[in-house]
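Novice: Sharing a structure below in structure tokens format, with a few things to ask.
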Amino acid sequence: MDQFTINLLFVGASFALYIGIAIWARAGSTSEFYAANRGVHPVTNGMATAADWMSAASFISMAGLIAFTGYDNSTFLMGWTGGYVLLALLLAPYLRKFGKFTVSEFIGDRFYSQTARIVAVICLIVASVTYVIGQMTGVGVAFGRFLEVSNTSGLLIGAAVVFAYAVFGGMKGVTYTQVAQYCVLITAYTIPAIFISLQLTGTPVPALGLFGDTASGEPLLTKLDAIVTELGFNEYTTHHSNTLNMVLFTLSLMIGTAGLPHVIMRFFTVPKVSDARWSAGWALVFIALLYLTAPAVGAMARLNISEMMWPNGGIEGGAVSVEQIDNDARYDWMATWQKTGLLDWEDKNGDGKIQYYNDKSDALNAIAEEKGWAGNELTKFNRDILVLANPEIANLPGWVIGLVAAGGLAAALSTAAGLLLAISSAVSHDLIKGAINPQISEKGELLSARIAMAVAIAVATWLGLNPPGFAAQTVALAFGLAAASIFPALMMGIFSTRINNTGAVAGMLAGLVVTLVYIFLHKGWLFIPGTNSFTDADPLLGPIKSTSFGAIGAMVNFAVAYFVAGATKETPQEIKDMVESIRIPRGAGAAQDH
């Protein structure tokens, strides 16, 4: 059986499972559509949350960014896991105790303002749409390779699948679909990693293999450092980027995680307040299974690629020949990925070999000139292909490649569904029912939610054709927007009775606008290529890149909110009482009296 047929079988079987679950769990009421009737078990919810959140950025893109940068991109791991600690301790239980369907509804009620609710909807839609662009990027990459179709066709197929199970199933259908998707994606991620770890280090646990020895007895990371530095790249295991930017980026990802509407919505689906905290804990456990494996996947893939490009023992031994790439079965993956337009090479100096090295390195350029090289000849290696190509690079069996195809699509589609559900509920429940037509029937609200989701799918698919970066980089921008706009409003809404409606609205708008402008200045207005004034290589504010600015935006939000609240009317007493009742457990006052 050829590889294309194997891919079809794995992807087709997984899609049939998702759509079957969506039909079985079809939402019949707004409670089921928005919050799965508040009947989801914490372990189930934790697994669904993990799938909802471990998107194309985590599965497809993150290990590729780690592989080609090394230690400095460990910020993705620290920020995205640390955010769940904040969620479990500071937000999830209180929001569940409040008992509403959406984040915007909480903000509207807590800040006793329809304007605050609408502003929250705008913030949610901006962050969520940016996030969906990253997912659609991943969908296009995965379909482009494994179904051998164009990127555009891949996006359209993925959009149709999401439409089928998200529009009809709502939160109830999405929850149980995401449990299945988690099982698929974690299996697809760890099995190739185990095989590769055994190949390179003899250790079946990739996280331990990362710190193990290769067959030559040399530690894997030591060997990798030696190879990449010989090729003119930065040492893999040391810190090279700006520390301030690194701290701000980690913080932005952490508080962005805690402010993401589609993740927070999951905590409205459990029966009890304590279950919300347990859900966050279980989600962290399920996420850790992938996140402990990702650094090993990145390092081992980088070692494999470097050795494949220099199979004769480094620079002195000579680079891989064009003839070997064309005729050696171990290099078939290169021709396959070249068809997608995401990988390419060129024999610039006509010596019949493909030299892969850092042609920005002065030391290497001196050697290159001496040897007659004409620049790096691995001209394109999209970071988003690394995890999907990894089993082929390591020459693993065809069924493993098919499994990874299904896993990559599960990761992208599960998060896309959660985001689209957050967008549709914001439009139908918060905008239409909350502000435009409060008398709308439940049937009408459900219909408007499904129409909003269909429109959101169409917009996200169109935007996914021209993403502003690799999947994980695009997603990091969305986290920055959530960090700057939604997270401060939630924190102040729960822990400060001083912040009034005017302060909250001013803070959210200030945080959103300043962050969005900073991003557009670096990534192009509305992400249109060529309209940017700066780049992340040369940022506007010293070392602070657009992906790190969310933390600054959050500070602006807090500062503006407190300043405006201090200059305007105090929060009404009934709102203060409501905030206290959310934060203080039932019976706590009586316990203190005794």
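The values are calculated or read from the model by the stated rules, or taken from the named source; none is laboratory data. These figures come from a predicted structure and were not determined experimentally. Every residue, glycine as well, gets a Cβ built from its backbone with ideal geometry; the counts of neighbours run over all protein chains shown. Quick note on the areas: whole protein, heavy atoms, side chains included, nothing else; ligands and nucleic acids left out. Shrake-Rupley method; radii C 1.70, N 1.55, O 1.52, S 1.80 Å.
Novice: Among the listed pairs Lys348/Lys380; Lys353/Lys380; Lys348/Lys545; Lys339/Lys380; Lys97/Lys576, which have their C-alpha atoms separated by more than 22 angstrom in this model? Intermediate results must be reported in sequence, preceding the final value.
Specialist: On the way: Lys348/Lys380 14 Å; Lys353/Lys380 16 Å; Lys348/Lys545 33 Å; Lys339/Lys380 12 Å; Lys97/Lys576 16 Å.
Over 22 Å apart, Cα to Cα: Lys348/Lys545.
Novice: If you average the sequence gap of Cα pairs under 8 Å that are 6 or more apart and divide by the length of the chain, what percent do you get for the contact order? Show your work: numbers first, answer last.
Specialist: Numbers: 1131 pairs, mean separation 161.9, N = 594.
Taking the mean separation of contacting Cα pairs over the length of the chain, I get 27 percent.
Novice: Quick one: angle between helix 151-162 and the longest Cα principal axis of the chain, in degrees between 0 and 90, rounded to 10, please.
Specialist: It works out to around 40 degrees.
Novice: Then there is this: Lys443: which aspartates and glutamates have alpha carbons under 17 Å from its alpha carbon, excluding same-chain residues fewer than 8 sequence positions away?
Specialist: The qualifying aspartates and glutamates are Glu32, Asp430.
Novice: Tell me, what ³J(HN,Hα) does each residue in region 217-225 have, in order and in whole Hz, if you take phi through Karplus 6.51 cos²θ - 1.76 cosθ + 1.60 with θ = phi - 60° and put x for Gly and Pro?
Specialist: My calculation for region 217-225 gives x, 8, x, 4, 5, 5, 5, 5, 4 Hz in order.
Novice: Keeping the other protein chains in place, figure out the carbon and sulfur percent of the accessible area of the chain, with a 1.4 Å probe. All intermediate terms of the calculation are to be shown ahead of the outcome.
Specialist: Working: 13390 of 21500 Å².
Answer for the chain: carbon and sulfur cover 62 percent of the accessible area.
Novice: Between Lys353 and residues 5 or more places away or on another chain, which pairs have amide H atoms under 5 Å apart, with H built 1.01 Å from N, and which residues are they?
Specialist: Placed amide hydrogens put Val322 under 5 Å from Lys353.
Novice: Right, next: Which longest uninterrupted range of the chain lacks any GluC sites (Glu not before Pro) assigned by DSSP to a loop state (not H, G, I, E or B) and surrounded by at most 13 other Cβ atoms within 10 Å? The partial results should precede the final answer.
Specialist: Values: sites that count: Glu316, Glu570.
In short, 1-315.
Novice: Right, here's the next one. Could you go through region 487-500 in sequence order and give the Karplus-derived ³J(HN,Hα) for each residue, using 6.51 cos²θ - 1.76 cosθ + 1.60 with θ = phi - 60°, rounded to whole Hz, and x for Gly and Pro?
Specialist: 3J(HN,Hα) across region 487-500, in whole Hz: 4, x, 5, 5, 5, 5, x, 8, 10, 9, 7, 6, 6, 9.
Novice: If packing is taken as the average count of other Cβ atoms within 10 Å, what order do 287-297, 236-246, 52-62 fall into, highest mean first? Intermediate values should be presented prior to the final figure.
Specialist: Values: 287-297: 21.4, 236-246: 15.3, 52-62: 29.5.
Put in order of decreasing packing, that is 52-62, 287-297, 236-246.
Novice: To continue, here is another question. If the reach is capped at under 18 angstrom between alpha carbons, list the aspartates and glutamates near Lys223, excluding any in the same chain fewer than eight residues apart.
Specialist: Asp213, Glu235, Glu307, Glu316
Novice: Just want to confirm a number: the relative contact order over region 195-290, from Cα pairs under 8 angstrom separated by 6+ residues, in percent. Intermediate results must be reported in sequence, preceding the final value.
Specialist: Numbers: 51 pairs, mean separation 9.6, N = 96.
Relative contact order, region 195-290: 10 percent.
Novice: Considering only protein heavy atoms, what per residue accessible area in square angstrom results for the chain with a 1.4 angstrom probe?
Specialist: Values: 21500 Å² over 594 residues.
I get 36 Å² per residue for the chain.
Novice: Once both axes come from the Cα atoms, what is the angle between helix 550-567 and the longest principal axis of the chain, in degrees from 0 to 90, rounded to 10?
Specialist: 20
Novice: Further question on the same structure: Of the listed values (1) 113, 73, 43; (2) 86, 52, 45; (3) 78, 52, 52, identify the label whose number matches Cα extents along the principal axes in Å calculated from this model.
Specialist: So the structure-derived entry is (3).
Novice: Run the helix sum for the chain: -39,500 (n - 2.57) per DSSP H stretch of 4+ residues, divided by residue count, reported at 222 nm to the nearest 500 deg cm²/dmol.
Specialist: Numbers: 27 runs with 389 residues, N = 594.
Mean residue ellipticity at 222 nm (helix-derived): -21500 deg cm²/dmol.
Novice: What do you get for the angle between helix 273-291 and the principal long axis of the chain? Use alpha-carbon atoms, 0 to 90 degrees, nearest ten.
Specialist: 10
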